[in-house]
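Beneath this line is the structure, given in structure tokens, with notes to follow.
The values are calculated or read from the model by the stated rules, or taken from the named source; none is laboratory data. Quick caveat: nothing in here was measured; it's all calculated off a predicted structure. Note that each Cβ is placed from the backbone with ideal geometry, even for glycine, and that neighbours are counted across all protein chains shown. Calculation scope for accessible area: heavy atoms of the full protein, side chains included, ligands and nucleic acids excluded. Shrake-Rupley method; radii C 1.70, N 1.55, O 1.52, S 1.80 Å.
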Amino acid sequence: MGMTLTEKILAKASGRNAVEPGENIWVDVDLLMTHDVCGPGTIGVFKREFGADTKVWNPEKIVLIPDHYIFTADERANRNVDILRDFAQEQGIKYFYDITDRGNFKANPDYKGVCHIALAQEGHTRPGEVLFGTDSHTCNAGAFGQFATGIGNTDAAFIMGTGKLLIKVPATMRFVLDGEMPNYLLAKDLILQIIGDISVAGANYRTMEFAGETVSRMTMEDRMTLCNMAIEAGGKNGTIAADDTTFEYVRARTDKPFEPVYTDSDAKFYSDRRYDVSQLEPVVAQPHSPDNRALARECSDVKIDRVYIGSCTGGKTEDFIHAAHILKGQRVKVPTYLVPATQKVYNDLFTIKYEGQSLSEIFLQAGCIEPAAPSCAACLGGPKDTFGRMNKPEVCVSTTNRNFPGRMGDKSAQIYLASPYTAAASALTGYVTDPREFL
Ligand SMILES: CC(C)[C@H](C(=O)O)[C@@H](O)C(=O)O
């Protein structure tokens, strides 16, 4: 019987010809990623269970990325990065993207930024491989036809010691997206539409496989936006079949060989949903859940206090190009925070020209706050001095991926998740705004 992309990767990683959903299998891990929030806990469990002097299973297959709470005076947050640094030195970890100078990240060429985008930009997201990360948005890398999922510190510590993990094979839900994307829709609208349809528990412990002609036409950044938010529907992982777009992106960033695998034509799906994207409209997720969907135009009476454009799912180069498309030559009415996901994205804001102006010039002329140093910043609140943190019960339109109570700081703050178009259009009016008003 045929297998899905996820089943095929897991079969290969467990040394078997075939696997079925529900089976518990041991898989060999290609890459383990951890960051400043969960790395210290993972390292603690690893040392406790394997011994203080034990070496990790493979220092070339572990990636340590400080990204969450780094530009802060908070001592405990800073200590977390120190723990990662000490561990990287002690173990000879090959990929440790350090931040040594917290005051001026530009001085440190090793610093990358938000782990999920940094993993892609550094060539760690390869088709056919197995990636585990101590972060729920590790599913981002499914965009490359990789099996990628978030795990807890205990599982990560086990991988550190053995390079293996016992997991249950997830069943696959397929989402076929066809049709011409209207010029007012972005990938974020599609995934918010899907999560609104199936709910935040609609894909619990299942793969969300995205297919169809619309997906084939998408850039890698769009595909990452889709897969990144599989976890917001409870998904174990997201997947998209690798194609020429994928190969071009990956080969430009790594010379490591990889072997893509593909869903068989007779594979069995848990469910199969189809969308004609030409019929969809810009949407938002209202407070306080990513599945609390409404049409952007239905929320036009919601007055907002700020706009936030950033994070792994909404702070990539193309996200800023989309925002610039709306903001060019206009003036924002509310404070507008810009947080590039990575240092590469940050550099793009100053080098990429959009209709003759750099993106950063467009933003500053429109009255946005100067782009911040790349990091997760206020996407998940963070210490009080975190850039863009919501320290008051205000209302924000944000391109991030979660809007739970307290997610960006204050517990009563209200977050409307939206595409970069909708976020930028809302910045121009001070209300939740359908981007068609400016396109
Ligand atoms: C800090 C980390 C454990 C967390 C996650 O796993 O998702 C964070 O990145 C988030 O987005 O909420």
Criterion: part of a helix (DSSP H, G or I) and either touching a helix residue (DSSP H, G or I) at 6+ places or on another chain (Cβ under 7 Å) or of a type in the set (Asp, Glu) (or both) - qualifying residue of Glu259, Glu248: Glu248
Residue count, segment 126-167 (criterion: without any contact (Cβ under 8 Å) to a residue 40 or more places away in the chain and within 29 Å of Arg251 (Cβ to Cβ)): 1
Single unsatisfied condition, Ile309 versus (1) part of a loop (DSSP other than H, G, I, E, B); (2) surrounded by 23 or more Cβ atoms within 10 Å (Cβ to Cβ); (3) touching a Ser or Thr at 6+ places or on another chain (Cβ under 6 Å): (1)
Count - residues of segment 177-209 that are in contact with a helix residue (DSSP H, G or I) (Cβ under 9 Å, 6 or more places away or on another chain), more than 13 Å from Asp276 (Cα to Cα), not in a loop (DSSP other than H, G, I, E, B) and not charged (D, E, K, R): 7
Looking only at segment 65-95, and only at residues there that are assigned to a loop (DSSP other than H, G, I, E, B) and acidic (Asp, Glu), the one that is modelled with the highest pLDDT: Asp67
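Within the group Phe363, Phe350, which residue is open to solvent by less than 10 Å² (accessible area, probe 1.4 Å) and away from the ligand (no atom under 16 Å from the Cβ)?
On the way: Phe350 fails: open to solvent by less than 10 Å² (accessible area, probe 1.4 Å).
Every option except Phe363 fails the conditions.
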For Ala373: the one exception among (1) part of a helix (DSSP H, G or I); (2) away from the ligand (no atom under 16 Å from the Cβ); (3) over 21 Å from Ala187 (Cβ atoms); (4) in contact (Cβ under 8 Å) with a residue 40 or more places away in the chain: (1)
Cys368 in contact (Cβ under 8 Å) with a residue 24 or more places away in the chain and either within 16 Å of the ligand (Cβ to nearest atom) or under 30 Å from Ala201 (Cα atoms) (or both): no
Pair list, Cβ under 7 Å, 6 or more apart: segment 10-25 residue surrounded by fewer than 20 Cβ atoms within 10 Å (Cβ to Cβ), other residue among the polar types (S, T, N, Q): Ile25/Ser14
Enumeration of residues in segment 271-289 that are open to solvent by 20 Å² or more (accessible area, probe 1.4 Å) and of a type outside the set (D, E, K, R): Ser271, Tyr275, Ser278, Gln279, Leu280, Gln286, Pro287, His288, Ser289
Members of segment 129-166 found to be more than 12 Å from the ligand (Cβ to nearest atom), within 20 Å of Asp28 (Cβ to Cβ) and either open to solvent by 10 Å² or more (accessible area, probe 1.4 Å) or in contact with a Cys (Cβ under 9 Å, 6 or more places away or on another chain) (or both), listed by number: Glu129, Ala141, Gly142, Phe144, Ala148, Thr154, Asp155, Phe158, Gly161, Thr162, Lys164, Leu166
Number of the exception - Thr100 against (1) at pLDDT below 95; (2) of a type outside the set (A, V, I, L, M); (3) open to solvent by less than 20 Å² (accessible area, probe 1.4 Å): (3)
Answer from Tyr416, Tyr431 - the residue that is in contact with a strand residue (DSSP E or B) (Cβ under 8 Å, 6 or more places away or on another chain), within 24 Å of Ala187 (Cα to Cα), aromatic (Phe, Trp, Tyr) and surrounded by fewer than 24 Cβ atoms within 10 Å (Cβ to Cβ): Tyr431
Matching entry among Ala52, Ala11, Ala18 (being more than 21 Å from the chain's Cα centre (by Cα) and within 18 Å of Leu131 (Cβ to Cβ)): Ala11
Of all residues making up segment 379-413, the number that are within 13 Å of the ligand (Cβ to nearest atom) and out of contact with any Asp or Glu (no Cβ under 9 Å at 6 or more places or on another chain): 9
